[in-house]
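Below: one structure, written as structure tokens.
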Amino acid sequence: MWCEQFIKMSKTNYIVFFFVAWGIFSCGTDNENNVQLDTSLAFLVNANTIEIDNVIACASGSENDENAIIAYVYPRPGSTNIRYYETSSIDDDKNNYQNYTQVDLTPTDFFNGYLKKMERTNTDEKWVIITFFENDKLHLSNPIRLKHRTKPTEFLNEVMIDDMTSGMPIFSWEDGIVAENKIYFQVVSDINDELLSGTYTFEKQFQYYKLDNVVLNITQEIPPQLTLMDMYNFTLMGVSEDNWVNLFIEKSFEP
């Protein structure tokens, strides 16, 4: 009799223990899944100390695919964990981080890693924010307005190069079809695609390597002097106020 009662009690306790343990485990799993599934930018912002308007980034269309966009970012030395966030619609409030959801894109090298780029197929235009971590803070770009459907990026090779000054050519250009550019990003690179200088100007002109009209310089070291008869590349992005690349120019040259 005592043994039967003990067995019944043991079975009851076991059943109670099983359901309590299952409840604890399932609650813990749900919480973990909630954390994992919350891919909004708001969640990331709320969990970190942030710096706004501190990531140099923009986006362009693709020369080969009208549905593709390419986001470019300058990863300062020491920055980690580059992430891409986008809204579901261009009509969403660009300043509300809750409207941005992470898209898992792998950054690839641009100019051999001096810059990074992320490619994405998007049939709809949206707002995009790029983030990375630096010095234990979350840094965010300004919102980038995708315009690959309404104002596709114009790809050209038309740039005027004045090489009268030895080793210090002057590059000048004109806006393309869409004349909404507010700033111009210029890259001079060698034949191996190594970035020698990266500069921004408001003017449609840049001289290598003079900083008289440069408003932002991402060149990390003093660039080398250009060698006569060697081949180099000049790349230009004409960027609108909302960080869309209207004009993309690439041109090889000899100084």
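A short reminder: the numbers here are calculations on the coordinates, not readings from a lab. All of these numbers come straight from a predicted model, not from anything done at the bench. Virtual Cβ from ideal backbone geometry, glycine too; neighbours counted across all protein chains shown.
So for L146, L156, fewest C-beta neighbours within 10 Å to most, what's the order? Don't skip to the answer; put the middle values down first.
Numbers: L146 25, L156 16.
So the residues, fewest neighbours to most, are L156, L146.
Given the range 41-145, what percent of its DSSP beta bridges are antiparallel, to the nearest 5? Provide the component values of the computation, followed by the final result.
On the way: 28 of 32 bridges.
Of all bridge pairs located within the range 41-145, approximately 90 percent are antiparallel.
Based solely on its DSSP helices, what 222 nm [θ] is calculated for the chain when runs of n ≥ 4 H residues each add -39,500 (n - 2.57) and the sum is averaged over all residues, nearest 500 deg cm²/dmol?
On the way: 2 runs with 42 residues, N = 255.
The helix-only estimate for the chain comes to -5500 deg cm²/dmol at 222 nm.
Among DSSP beta bridges lying fully in the chain, give the percent that are antiparallel, nearest 5.
On the way: 61 of 69 bridges.
Antiparallel bridges: around 90 percent, rounded to the nearest 5.
Mind pulling the angle between the C-alpha long axis of helix 2-37 and the longest principal axis of the chain? Nearest 10 degrees, somewhere in 0 to 90.
10
Which of the peptides 243-252, 63-72 is most tightly packed, and how do the rest follow, going by the mean number of other Cβ atoms within 10 Å of each residue? If you can, show how the numbers build up before the last one.
Numbers: 243-252: 20.5, 63-72: 16.9.
Peptide ranking by packing, descending: 243-252, 63-72.
Neighbour counts of other C-beta atoms within 10 Å: give me Y84, Y200 arranged from fewest to most.
Values: Y84 23, Y200 18.
Fewest to most other Cβ atoms nearby, the residues stand as Y200, Y84.
Measure out, as a whole number of angstrom, how far apart the alpha-carbon centroids of the range 196-230 and the range 116-172 sit.
Spelled out, the Cα-based centre of one part sits 17 Å from the other.
Please express the shape of the range 167-225 as an equivalent ellipsoid: the semi-axes are the square roots of 5 times the eigenvalues of the C-alpha gyration tensor, given largest first in whole angstrom. List each step's numbers first, then the result.
On the way: eigenvalues 86, 31, 24 Å².
Computed over the range 167-225, the values are 21, 12, 11 Å.
Name the residues whose placed amide hydrogens come within less than 5 Å of the amide hydrogen of V55, ignoring near sequence neighbours (fewer than 5 apart) on the same chain.
Sorted by chain and number, the residues that satisfy this are L140, S141, N142.
Given Cα pairs under 8 Å that are at least 6 residues apart, what percent is the relative contact order of the range 41-145? Numbers along the way, then the final one.
Details: 226 pairs, mean separation 40.5, N = 105.
Relative contact order of the range 41-145: 39 percent.
How high is the relative contact order of the range 150-222, in percent, counting Cα pairs under 8 Å that sit 6 or more residues apart?
Numbers: 100 pairs, mean separation 17.9, N = 73.
Answer for the range 150-222 is 25 percent.
Sorted by average packing, counted as other Cβ atoms within 10 angstrom per residue and highest first, what order do 95-102, 215-222 take?
Details: 95-102: 16.6, 215-222: 12.1.
Highest to lowest by the protection proxy: 95-102, 215-222.
For the residues I183, I129, what sequence is obtained by ranking on other C-beta atoms within 10 Å, fewest first? Don't jump to the answer; show the numbers that get you there.
On the way: I183 17, I129 26.
Final ranking by Cβ density, sparse to dense: I183, I129.
Quick one: plug the Kirkwood hydrodynamic radius of the range 41-145 (C-alpha pairs) into Stokes-Einstein at 25 °C, 0.890 mPa s, and report D in µm²/s.
Here the translational diffusion coefficient equals 177 µm²/s.
Averaging over all projection directions, find the projected area of the Cα convex hull of the chain and quote it in nm² with one decimal place.
Numbers: hull surface 77.6 nm².
In nm², the orientation-averaged hull projection of the chain is 19.4.
Please check which bits of the range 196-224 a label hung off M168 would reach, taking the label as a point 7 Å along Cα-to-C-beta and the cut-off as backbone N under 11 Å.
Counting only backbone N, you get 207-212.
Quickly work out the E221-to-F155 label distance, labels modelled 7 Å from Cα along the C-beta direction, and quote it in nm with one decimal.
Each label point lies 7 Å from its Cα, and together they span 3.2 nm.
Which pairs in the list K117/K147; K116/K182; K94/K137; K116/K204; K117/K210 are over 20 Å apart, alpha-carbon to alpha-carbon? Can you show the working numbers first?
Details: K117/K147 17 Å; K116/K182 22 Å; K94/K137 22 Å; K116/K204 25 Å; K117/K210 27 Å.
As for pairs spanning more than 20 Å Cα to Cα, those are K116/K182; K94/K137; K116/K204; K117/K210.
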